[in-house]
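The values are calculated or read from the model by the stated rules, or taken from the named source; none is laboratory data. Computed from a prediction, not measured in an experiment: that's the story for all the values here. Note that we place each Cβ from the backbone using ideal geometry, even for glycine, and neighbour counts take in every protein chain shown.
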């Protein structure tokens with residue numbers, strides 16, 4: 001799965017992250033930069049007097065892979081109960 005992680009500096013000077021799953025992988029850096037500016041300019045996300053996404057910092061695409069450790073394609077065999 002690919003996730004787009006957008007990093008912003010809030011008006012409280014702390015870094016905040018907005019993660020979006022199932023993103024269009026054909027987005028260009030210019031498009032993402034414009035999107036981040038729109039999010040910052042809209043001031044939609046606030047907590048009290050703090051604008052959470054005030055200044056765009058960076059954007060990353062994070063790829064997550066899943067590896068079967070136990071169970072795989074075959075179900076795990078049940079463990080027999082101890083005899084009483």
Fill in the blank from the handout: Going through (1) assigned to a strand (DSSP E or B); (2) in contact with a helix residue (DSSP H, G or I) (Cβ under 9 Å, 6 or more places away or on another chain) one by one, residue 62 fails only at (2)
Practice task
Determine the pairs where a residue that is touching a residue at least 12 places away in the same chain (Cβ under 8 Å) and on the phi < 0 side of the Ramachandran plot, located within the stretch 6-31, has a partner that is loosely packed, with under 12 Cβ neighbours inside 10 Å and assigned to a loop (DSSP other than H, G, I, E, B) with Cβ atoms under 7 Å apart, the partner being 6 or more residues away or on another chain.
Solution key: 21/1
Exercise for the section: Answer yes or no: is there a residue in the stretch 51-64 that is farther than 14 Å from residue 6 by Cα, loosely packed, with under 12 Cβ neighbours inside 10 Å and at pLDDT below 90. Expected result: yes
Exercise for the section: Look at residue 27 and say whether it is in contact with a helix residue (DSSP H, G or I) (Cβ under 9 Å, 6 or more places away or on another chain) and either outside any helix (DSSP H, G or I) or loosely packed, with under 15 Cβ neighbours inside 10 Å (or both). Expected result: yes
